[in-house]
Amino acid sequence: MNRMAKKQFAVIGMGRFGSSVAAALTGMGFEVLAIDSNEDRIQDAINKVTHAVSADSTDEEAMRSLGIRNFDVVVVAIGQDIQSSILTTLILKDLGVGTIIVKAQSELHGKVLAKIGADKIIYPERDMGLRVAHHLVSPNILDYIEISEDYSIVEIKAPPAMVGKSLVQLDIRQKFKCNVMGIKTGTSMNISPYPEDLIKSGDVLVIVGKNQDLSNLEIAYSEG
């Protein structure tokens, strides 16, 4: 039995972030319940998700009547109303929801959410800001993902200074203390590149390292 196919999600808050998450999960074949107190947003969501309901997520009885505890994962994507975000998270915790993922507006908001039992806290605005900043530093940066407070993964399109050189010639580990995890060439991915592998024009390097070390690498190659 494929348990992943059975997994059910509820997304509370149909703003830009919430509706994007809900639509993506539905597109991946999961059952998704969209919840928002705004009737217009629910109307917009009806054709994008499995079910869409107008309800107040800060009303415990309303959440209970929706059977919210039966969902495997509930994403709280409430926008600017921090109080509603916190109260909704508390209610979901009290009702016994298995996994609660909450969008936070700030570090302080995130700390409160962690204390009341949110399983995962995400900072979409901050993370997007990071990606934009790294792209501004080096246009070759395609993606930047924090994996912990100190470490990240970066995808960098091979700049001219890398093309035609092997990994051993570039010596990224020695010079920048970062590791090349893989090399994308077109649609293929080499997840265990050899030191002698040559970097070709258009290749994308997937590199992991400490944030400061990655920044040093980005700056070095952005300057040619």
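Name the residue that is most open to solvent (accessible area, probe 1.4 Å), counting only residues in segment 154-189 that are assigned to a strand (DSSP E or B) and under 14 Å from residue 216 (Cα atoms). Only one residue fits best here, namely 179. I'd like to check something: does segment 121-128 contain any residue that is open to solvent by 60 Å² or more (accessible area, probe 1.4 Å) and touching a strand residue (DSSP E or B) at 6+ places or on another chain (Cβ under 8 Å)? Within segment 121-128 (the criterion being open to solvent by 60 Å² or more (accessible area, probe 1.4 Å) and touching a strand residue (DSSP E or B) at 6+ places or on another chain (Cβ under 8 Å)), the answer is no, since none of the residues qualifies. Among the residues making up segment 129-146, a single one is open to solvent by 90 Å² or more (accessible area, probe 1.4 Å) and at pLDDT 85 or above: 142. Taking the listed residues 11, 49, the one that is touching a residue at least 24 places away in the same chain (Cβ under 8 Å), among the β-branched types (Val, Ile, Thr), crowded, with 19+ Cβ neighbours inside 10 Å and in a strand (DSSP E or B) is 11, with no other qualifying. Here 180, 163 are screened, and the one residue that is touching a helix residue (DSSP H, G or I) at 6+ places or on another chain (Cβ under 7 Å), farther than 24 Å from residue 129 by Cβ and of a type in the set (Val, Ile, Thr) is 180.
With the structure loaded, tell me whether residue 195 is touching a residue at least 24 places away in the same chain (Cβ under 8 Å) and either basic (Lys, Arg) or over 30 Å from residue 82 (Cα atoms) (or both) or whether it fails that test. When the stated conditions are applied, residue 195 passes them.
Whether any residue in segment 16-29 is open to solvent by less than 40 Å² (accessible area, probe 1.4 Å) and part of a loop (DSSP other than H, G, I, E, B) is what I want to check. No - not one qualifying residue is present in segment 16-29. Going through (1) hydrophobic (A, V, I, L, M, F, W, C); (2) touching a Gly at 6+ places or on another chain (Cβ under 7 Å); (3) modelled with pLDDT under 95 one by one, residue 206 falls short only on (3). Contact map, segment 198-212: first residue part of a loop (DSSP other than H, G, I, E, B), second residue surrounded by fewer than 18 Cβ atoms within 10 Å (Cβ to Cβ) and β-branched (Val, Ile, Thr), Cβ cut-off under 9 Å, separation 6 or more or different chains; pairs are 199/163; 200/163; 200/185; 201/163; 202/163; 202/185; 203/163; 203/185. When 54, 106, 85 are screened for being under 23 Å from the mean Cα position of the chain (by Cα), under 16 Å from residue 36 (Cβ atoms), small (Gly, Ala, Ser) and open to solvent by less than 60 Å² (accessible area, probe 1.4 Å), only 85 passes.
The values are calculated or read from the model by the stated rules, or taken from the named source; none is laboratory data. On a predicted model such as this, the values are computed, not experimentally measured, just so you know. For neighbour counting, all protein chains shown are included, and Cβ atoms are generated from backbone atoms with ideal geometry for every residue, glycine included. Only protein heavy atoms, including side chains, enter the accessible area calculation; ligands, DNA and RNA are left aside. Shrake-Rupley method; radii C 1.70, N 1.55, O 1.52, S 1.80 Å.
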